[in-house]
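For reference, the structure is listed below as structure tokens.
The values are calculated or read from the model by the stated rules, or taken from the named source; none is laboratory data. Note that the structure is predicted; figures quoted are calculated from it, not measured. Cβ atoms come from the backbone with ideal geometry, glycine included; neighbour counts cover every protein chain shown. Accessible surface areas use protein heavy atoms only, side chains included; no ligands, DNA or RNA. Shrake-Rupley method; radii C 1.70, N 1.55, O 1.52, S 1.80 Å.
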Amino acid sequence: QVQLVESGGGLVQAGGSLRLSCAASGRIFMINAMGWYRQAPGKQRELVATITRGGSPNYADSVKGRFTISRDNTKNTVYLQMNSLKPEDAAVYYCNIDHRASAFANSRQYWGQGTQVTVSP
């Protein structure tokens with residue numbers, strides 16, 4: 001099994017910054033894509049950013065230019081640097097990975113437990 005542990009959420013004023021981290025542990029063979037999603041109250045979970053194993057990022061239009069996703073494959077960790085935060089960025093942020101348990105196994109998605117980000121006006 002693979003476990004994901006997120007950290008870095010909290011309360012910040014609009015215009016401020018936060019950095020989220022998500023570390024994968026357990027029986028890890030190969031992590032392909034890693035990403036961050038968020039869900040605000042009453043809304044569906046939405047993609048924030050993803051990053052390939054090779055480091056190519058993809059961002060939602062709403063966060064382009066403000067958020068930066070990165071990863072450290074040696075630590076099985078993905079990060080999300082969030083700058084110029086807006087009240088509409090407030091949500092529970094979830095880490096997601098695409099993991100393959102062996103060279104012949106299909107990949108499987110894993111989700112973190114979520115970390116709350118609150119942005120005050």
> Can you give the relative contact order of the range 18-121 as a percent, counting alpha carbon pairs under 8 Å and 6+ residues apart?
Replying inline: 32 percent
> Taking the chain as a Gaussian network, Cα atoms linked when under 10 Å apart, which of 70, 17, 102 shows the biggest mean-square fluctuation?
Replying inline: 102
>> Students often forget the sequence filter, so: which lysines lie under 17 Å Cα-Cα from residue 64 once same-chain residues fewer than 8 apart are removed?
In response: 86
>> With unit charges on the beta carbons (Lys and Arg positive, Asp and Glu negative) and the dipole taken about the Cα centre of the chain, which residue among 118, 65, 94 sits farthest to the positive side?
In response: 94
>> What three numbers, in Å, describe the spread of the alpha carbons of the range 1-81 along their principal axes, ordered from the longest?
In response: 38, 24, 23
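Count the DSSP beta bridges whose two residues both fall in the chain, then state the antiparallel fraction as a percent rounded to the nearest 5.
About 90 percent, rounded to the nearest 5.
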> Taking only the alpha-carbon atoms of the range 35-119, what semi-axes of the equivalent ellipsoid follow from 5 times the gyration tensor eigenvalues under a square root, in whole Å, largest first?
Replying inline: 24, 15, 11
>> Ignoring ligands, DNA and RNA, please state the percent of accessible area on the chain from carbon and sulfur, probe 1.4 Å.
In response: 48 percent
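Just the accessible area per residue of the chain, please: how many Å² with a 1.4 Å probe?
54 Å²
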>> Please give the charge dipole size of the chain, origin at the Cα centre, charges +1 on K and R Cβ atoms and -1 on D and E Cβ atoms. Round to the nearest 20 debye.
In response: 200 debye
> If you place +1 on the Cβ of every Lys and Arg and -1 on the Cβ of every Asp and Glu, how big does the dipole about the Cα centre of the range 3-70 come out, in debye to the nearest 20?
Replying inline: 40 debye
